[in-house]
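Scroll down for the structure; my scribbles are underneath it.
The values are calculated or read from the model by the stated rules, or taken from the named source; none is laboratory data. Fair warning: this is a prediction, and the values are worked out from it, not measured in the lab. We place every Cβ from the backbone using ideal geometry, glycine too, and count neighbours over all the protein chains shown.
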Amino acid sequence: MNFIDVEPTLENYWRAIILFGKNTASYKFALAKSLIDISLERDSDLISLEDLALPNALHLCEHLKHSPKQITVKSSTFLEACLNFNNGLISKTDLIDITRKKGFRNVLDAFHVVNTKAVNERFFDVIDEHFFIDERKHNKGIRLTDNLFKLFYVFDNSADNLNQETEARWNLVEKAWALNMNKNLLSVEYDDATKQLFTKDASYRRTDITSSRGALNGYQKSRCFYCFTPISIASHDTMLADVDHFFPHTLKPQVANAGCCRPVNVDGVWNLVLSCTDCNRGEHGKFAQVPALQLLQRLHTRNEYLINSHHPLRETLIMQTGKNERARQYFLQKSFNFSKERLIHNWQPTPKASPLF
Ligand SMILES: [Zn+2]
């Protein structure tokens, strides 16, 4: 089994905190988004719990408006306060007060704890680089570290990219809880026009889940899937990534006509990667060619990684590609054969940086 090589960059520490591991509540996402907000408008390193409380609670209030399920346990005083605030039953001052007392329980302590998953055993680990220091005991607040400012203030586009990834992960988690994705056979697919991942319920009603770029970039770490050149998911950026169908989209009508066995469901999330524009549609781009076998292996590794890291799309990927790794390998091989027989040509890019996944 291959896992992502962990690089000691601040971005990857941040991703390790936000994007991997099992979630039982969404508070970590609210705190992460508050830290991003605060790092962009800093005047002091020391942030009182009171000052942290409002952005933190407001992020949760926003999400509660469209996704009432934010925890896997039955109730929470903090969430109730957010709901009451949304319904005009308590004031902003009350909200801040309850958040200060109840909203950070376990969240500040656990923020830097990353659930690292080995093949068959789990172990918990605190990461080396911290984005804040817990000073609740002496200073009634937290002290932001240089890491946070370096990450969000200094690096171009980090705030945009990581904010979107955090939002995408939050959306995935809350939608998975709301839709009970683990129990229902729901499939998550991609809409080329809106770049959204969506799902359909039993009566074919569509629910948008989240932006596909945000959801895919956590694994790719702002690198093109094919050539590893830097990409961005910020909409105004010149390096904005294309959402690419690994097995080309042109297969779709052929899939519909294949009748018997539905070998390639090209809009499934298993088949989506982020690509630089050169690889997707540049002079020597992929267009409607079939990626080489080495790239197929890379796709398999990516899907296996998501499945093994408790990603919210785990069940979707399993449903789309197979129950165990062997079945999934067979599925990819079958999809490869199907594509190759129809599209004939293999494609491979020149790597622009050393492989990161
Ligand atoms: Zn590329």
- The residue from Leu83, Leu46, Leu54 that alone is more than 19 Å from Arg169 (Cα to Cα) and touching a strand residue (DSSP E or B) at 6+ places or on another chain (Cβ under 9 Å) is Leu46
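Would you say Arg298 is under 27 Å from Asp237 (Cβ atoms) and under 19 Å from the mean Cα position of the chain (by Cα)?
On the way: under 27 Å from Asp237 (Cβ atoms): yes; under 19 Å from the mean Cα position of the chain (by Cα): yes.
So Arg298 passes the test.
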- Near pairs, Cβ below 9 angstrom, 6+ apart or cross-chain, from the stretch 215-232 (farther than 20 Å from Ala16 by Cβ and not assigned by TED's automatic domain parsing to the domain that holds Val269) to any residue that is in a loop (DSSP other than H, G, I, E, B) and within 11 Å of the ligand (Cβ to nearest atom): none
- Query: Mind checking which residues of the stretch 39-57 are closer than 22 Å to Ser158 by Cα and either in a helix (DSSP H, G or I) or not hydrophobic (A, V, I, L, M, F, W, C) (or both)?
  - Reply: Ser39, Leu40, Glu41, Arg42, Asp43, Ser44, Asp45, Leu52, Pro55, Asn56
- Note on the structure: Over the stretch 80-118, the set of residues modelled with pLDDT of 95 or more, among the hydrophobic types (A, V, I, L, M, F, W, C) and not in a loop (DSSP other than H, G, I, E, B) is Ala81, Cys82, Leu83, Phe85, Leu95, Ile96, Ile98
- When residues of the stretch 246-269 are filtered for being surrounded by 10 or more Cβ atoms within 10 Å (Cβ to Cβ), at pLDDT 60 or above and outside any loop (DSSP other than H, G, I, E, B), how many remain? 7
- Select the helices (runs of 4 or more DSSP H) contained entirely in the stretch 277-357, then report the ones holding at least 2 residues which are within 16 Å of the ligand (Cβ to nearest atom). 277-281, 293-308
